[in-house]
1. Can you tell me which residues in segment 171-207 are surrounded by fewer than 18 Cβ atoms within 10 Å (Cβ to Cβ), more than 26 Å from THR292 (Cβ to Cβ) and modelled with pLDDT of 95 or more?
2. Any idea how many residues of segment 384-402 are part of a helix (DSSP H, G or I), of a type in the set (Val, Ile, Thr) and under 16 Å from the mean Cα position of the chain (by Cα)?
3. Spot the failing condition for ILE204; the list is (1) in a helix (DSSP H, G or I); (2) β-branched (Val, Ile, Thr); (3) free of Cβ contacts under 8 Å to residues at least 24 places away in the same chain, and only one is missed.
4. Given the structure, is LEU210 in the same structural domain as HIS422 (by TED's automatic domain parsing), in a loop (DSSP other than H, G, I, E, B), of a type in the set (A, V, I, L, M) and closer than 28 Å to VAL307 by Cβ?
5. Among the residues of segment 120-137 satisfying the criterion of being more than 18 Å from LEU74 (Cβ to Cβ) and among the charged types (D, E, K, R), which is nearest to the chain's Cα centre (by Cα)?
6. Quick test of your reading of the structure: LEU244 fulfils all but one of (1) among the hydrophobic types (A, V, I, L, M, F, W, C); (2) touching a residue at least 12 places away in the same chain (Cβ under 8 Å); (3) part of a helix (DSSP H, G or I). Name the failing condition by number.
7. Name, by its number, the condition in (1) part of a helix (DSSP H, G or I); (2) at pLDDT 95 or above that does not hold for LEU135.
Amino acid sequence: MFISVLELFKIGIGPSSSHTLGPMVAANNFIERINKLNIIESNVNDTFIQCTLRGSLAFTGKGHSTDRAVALGLHGHLPASLSNKDVEKIVRQIMKSDELCLNDKLTVLFKPEKHIIFDKGAPLPEHPNGMIFELIDGNNNTLFSETYFSIGGGFISTLAEINQLQAPLKMQPSASCQYPFDSANSMLQMAKDNNTSITQMKQINELEHLTETALFEGINKIWQSMQKCIENGLQAEGTLPGGLNVSRRAKDLYESLKSNPVNVNINDWLCAYAMAVNEENAAGNMVVTAPTNGAAGVIPAVLYYFVTHENGTDEQVRDFLLTASAIGGLIKHRSSISGAEVGCQGEVGSAAAMAAAGLCSVRGGTPQQVENAAEMALEHHLGMTCDPVNGLVQVPCIERNGFGAIKAHAAASLALRGNGIHFMPLDNCIEAMKQTGLEMSHKYKETSLGGLAVSITEC
C-alpha cells in the first residue's frame, strides 16, 4: 500500500475537499474525456451538459459550494490553479454564461442553475458522495455519461473503479515500495526488523516514485501554503459567507494572546492557529487538505506551534509531514477520511492522529510511541458525527479543529511519557472507526439532517 505525502496533502481552496475539490476534479475529468473521445466533432444546437448530485452532495452541496465547484471544473479549472486567484470573480463570470467551451472549436449549453440538479432521493449504493455527469443532445438522448464518487480528501473514483478499490482508494501496489506496510502492525514490525523509524521508511518509499529534490520541494510547498493560510487567517476580519453570520475570531484571539501573554497556555495558541485555517477554508480561500478541508486546521496548527514556539527546523517539518502522511495513508487505506462515509471521526479524528504521530516523531519518539500517539488521538474522536449547521463548514467545524489540535498535542505528550506499550493497537482503533461509521445514521454523516444541524432554536 502506498499513497504519497504529496497526494494526501493537496493545495486547493475551501470549503470542502469532498464537496468542493472532488466535484471540481470530476467535472474537469468529464470534459477531458469528452474531448479525448471526440464525442462531438462539430457544434450541435441544444446539446448540453447536466450534473446530478446525489446523497450528501445533494443535501449539503449548496453550503459546501458544490455547484460552484462543478461549474469551475467544467470550465477547465482545478483546485491548485485557483489557490491564488480571485475565485469569486471567476464564478461570477461563469454564472452569467449559458455556454461552455469544450475546446477551442466546440461549445455546448451549460446553465448552472438549470443543469446542476440536487437530487435528495436515495444516494447511490456505492458511496454517499455521488455525481452523474451527462452530455445530452437536443432530443434528450444521452451521448455520454459518467458517474463519479468523491471519496474524501479531494480523491475521486468512477463507477467502474470504485468496487475495485480498497477503502475505496487508488494506490500503488505494495511491490512498488521497499517498506510495503499496509497496517500499523506491519509498520512497527518493519521498523523493528530494520532498526529504522517510520519517517525513514516513509521517505524511502516516496523516493521509489520521486526524486529527493521533487519530494523535498513538494513538502516545502505544502508547508509554505499551510503557513500562509494560518497567517492570512490571523489577519482577516469580518463575517463568513453562507448566511449564518458567523464572525471570524482567530485574529482577535491571536491579538489578545500577544498583548497579554502572562496567562496564555498552549491550548490558546493551538486554537488560534487552527481556527485561522478553518476560517480561511469557510471563506473559500486557499487551504491544504490535511487530510481533508473540514479538518485542515489540526495538522498546520500543531506544526506551526512547534516551529514558532519551539524552534522546529525545516528538516523536522519534513519528518513531521512524512510521519503524519504514513499514518493518514493507513487510516485512508483501512477505513476512510470522508465525513460523508464515517462522520467527523474520519476527518478531525484522522487529522488529530496524524498530527499526534508527527509531533511525537519530531520530539524523538520511537515507532511504538508514535503509533501509540496516533491511536490515542484517534480513539478519543470515535463516534464523532459530521452535522454541519446549514450545510456550511463553520459550526461546529471551525472550533472542532482547535479541539482536535489540543487532543493531538496531548496524545503526543502522553505517548512520549510512556514506553509505547499500550492496550489498544492503532489497527483495532481504525477498524472500530470504520465499523462505527458503517453503523452511524446517515443523518450524522454530512447531510445536515441531525445533531447540531437541526438543534438551532429560533428566538
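1. Correct list: GLN178, GLN189, MET190, LYS192, ASP193, ASN194, ASN195, THR196, GLN200, ILE204, LEU207.
2. Of the residues in that region, 1 qualify.
3. (3)
4. Spelling it out, LEU210 is indeed in the same structural domain as HIS422 (by TED's automatic domain parsing), in a loop (DSSP other than H, G, I, E, B), of a type in the set (A, V, I, L, M) and closer than 28 Å to VAL307 by Cβ.
5. That would be GLU126.
6. (3)
7. (1)
For (1) of a type in the set (A, V, I, L, M, F, W, C); (2) assigned by TED's automatic domain parsing to the domain that holds VAL277; (3) over 18 Å from HIS115 (Cβ atoms), each residue gets a yes or a no:
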site: ASN28; (1), (2), (3): no, no, no
site: LYS36; (1), (2), (3): no, no, yes
site: ILE39; (1), (2), (3): yes, no, no
site: CYS51; (1), (2), (3): yes, no, no
site: THR60; (1), (2), (3): no, no, yes
site: HIS75; (1), (2), (3): no, no, no
site: ALA80; (1), (2), (3): yes, no, yes
site: GLU88; (1), (2), (3): no, no, yes
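The values are calculated or read from the model by the stated rules, or taken from the named source; none is laboratory data. None of these values were measured; they are calculated from a predicted model. Cβ coordinates were reconstructed from backbone atoms using ideal geometry, including for glycine residues, and neighbour counts include every protein chain displayed.
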